1. For region 197-226, give me each residue that is aliphatic (A, V, I, L, M) and either farther than 25 Å from Met186 by Cβ or more than 29 Å from the chain's Cα centre (by Cα) (or both).
2. Can you tell me which condition Tyr98 does not meet? The list is (1) without any contact (Cβ under 8 Å) to a residue 60 or more places away in the chain; (2) surrounded by fewer than 15 Cβ atoms within 10 Å (Cβ to Cβ), and all the others hold.
3. How about region 136-190: which of its residues are among the polar types (S, T, N, Q) and either touching a residue at least 40 places away in the same chain (Cβ under 8 Å) or more than 23 Å from Val84 (Cβ to Cβ) (or both)?
4. Of all residues in region 252-267, how many are assigned to a helix (DSSP H, G or I) and crowded, with 17+ Cβ neighbours inside 10 Å?
5. Looking at the structure I just gave you, is Leu248 surrounded by fewer than 18 Cβ atoms within 10 Å (Cβ to Cβ), in contact (Cβ under 8 Å) with a residue 12 or more places away in the chain and not basic (Lys, Arg)?
6. Taking the condition of being of a type in the set (Phe, Trp, Tyr) and modelled with pLDDT of 75 or more, how many residues in region 1-26 meet it?
7. Tell me, yes or no, whether region 277-293 has at least one residue that is outside any helix (DSSP H, G or I) and in contact (Cβ under 8 Å) with a residue 60 or more places away in the chain.
Amino acid sequence: MRALSNFFYQRRTLTLLLMLTPPLLWFGVVYLGSLLTLLSQSVFVFDDMSMSVVAEFTTDNFANLLVPANLDIVLRTLGMAVAVTLATALIGFPMAWYMAHHASPAEKGFFYVGVMLPMWASYIVKAYAWTVLLAQGGVIYWVINALGLQGVLQAVLAIPVIGGDTLATSNLGRFLVFTYIWLPFMVLPIQAAIERVPANLLLASGDLGARPFQTFRTVLWPLAFPGVVAGSIFTFSLTLGDYIIPQLVGPSGLYIGNMVYTMQGTIGNIPMAAAFTCVPIVLITIYLAMARRLGAFNAL
């Protein structure tokens, strides 16, 4: 046993290679292999008559993404991903700032539990719970009625694009669910980034006469911004690929995830499903490249 241990100790490159081979094989064969197999179907033809895939090269599937109905799905999904990312950043930054610089150790522990506890619950359970909260007769409607804000709610629901018949069937309700579920993924990277900002820089800014907002704009925000971008990687990509929440909450209208599921699971049009799958991959690749240039990977 000692001889074997010495053998691997003296050959560290071989040891590292043996340790990395199983996970790399799993990642390369199972994950990348299945993904590339799906994406390769995007250049094949789907025969509507026989409902089968024909191995003939075509670019029609990608051209069909620009059809108004399909382009609307892409833009709808992208718009929601951007809105959720901005909302989680606006809500998460003050929370992260308080956790990093003002909370006592006991309060910080409470906030950590409060932020992370929803992540331990089932995603499906949380999504279905929100359908009950947003429904007429639910808790949110009860609070609104108790505060006498029915008129305000109806005015908001009457706004095009945002509103709907009820909160449960509006884009506003869908936006609230997305924001709630992905918020922890924004708070934690921002909090970690703010804690890495030296406190003496903030004190020096105040000593030099800068007002609080000036300190935030010129010192804190530039140094903590990589954490915001790091959190946005999660909120943006998770919203972009989600297909469960759009099925449970909000008005009719497919998202990219729903379209992939419908094309592949219901219709059997795997080439078109693969073409739709390429959209979030391209968008996330571009987003990751931008995030890397902004230093977000150092904040993860």
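The values are calculated or read from the model by the stated rules, or taken from the named source; none is laboratory data. None of the values given here were measured: they were computed from a predicted structure. Here the Cβ is made from the backbone with ideal geometry for all residues, glycine too, and neighbour counts use every protein chain on show.
1. Ala199, Leu201, Leu202, Leu203, Ala204, Leu208, Ala210
2. Exception for Tyr98: condition (2).
3. Scanning region 136-190 gives Gln136, Asn145, Gln150, Gln154, Thr169, Ser170, Asn171, Thr179.
4. Going residue by residue through region 252-267, those that are assigned to a helix (DSSP H, G or I) are 256-267.
When the remaining residues are screened for being crowded, with 17+ Cβ neighbours inside 10 Å, the result is 256-261, 263-264.
Residues meeting the conditions: 8.
5. Answer is yes for this residue.
6. Of the residues in region 1-26, 1 are of a type in the set (Phe, Trp, Tyr) and modelled with pLDDT of 75 or more.
7. Within region 277-293 (the criterion being outside any helix (DSSP H, G or I) and in contact (Cβ under 8 Å) with a residue 60 or more places away in the chain), the answer is no, since none of the residues qualifies.
Quick grid of which residues meet (1) surrounded by 15 or more Cβ atoms within 10 Å (Cβ to Cβ); (2) touching a Phe, Trp or Tyr at 6+ places or on another chain (Cβ under 7 Å); (3) within 30 Å of Phe213 (Cα to Cα):
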residue: Thr21; (1), (2), (3): no, no, no
residue: Gly28; (1), (2), (3): no, no, no
residue: Leu35; (1), (2), (3): no, no, no
residue: Met51; (1), (2), (3): no, no, no
residue: Phe57; (1), (2), (3): no, no, no
residue: Asn64; (1), (2), (3): yes, no, no
residue: Asn70; (1), (2), (3): yes, no, no
residue: Glu107; (1), (2), (3): no, no, yes
residue: Val113; (1), (2), (3): no, no, yes
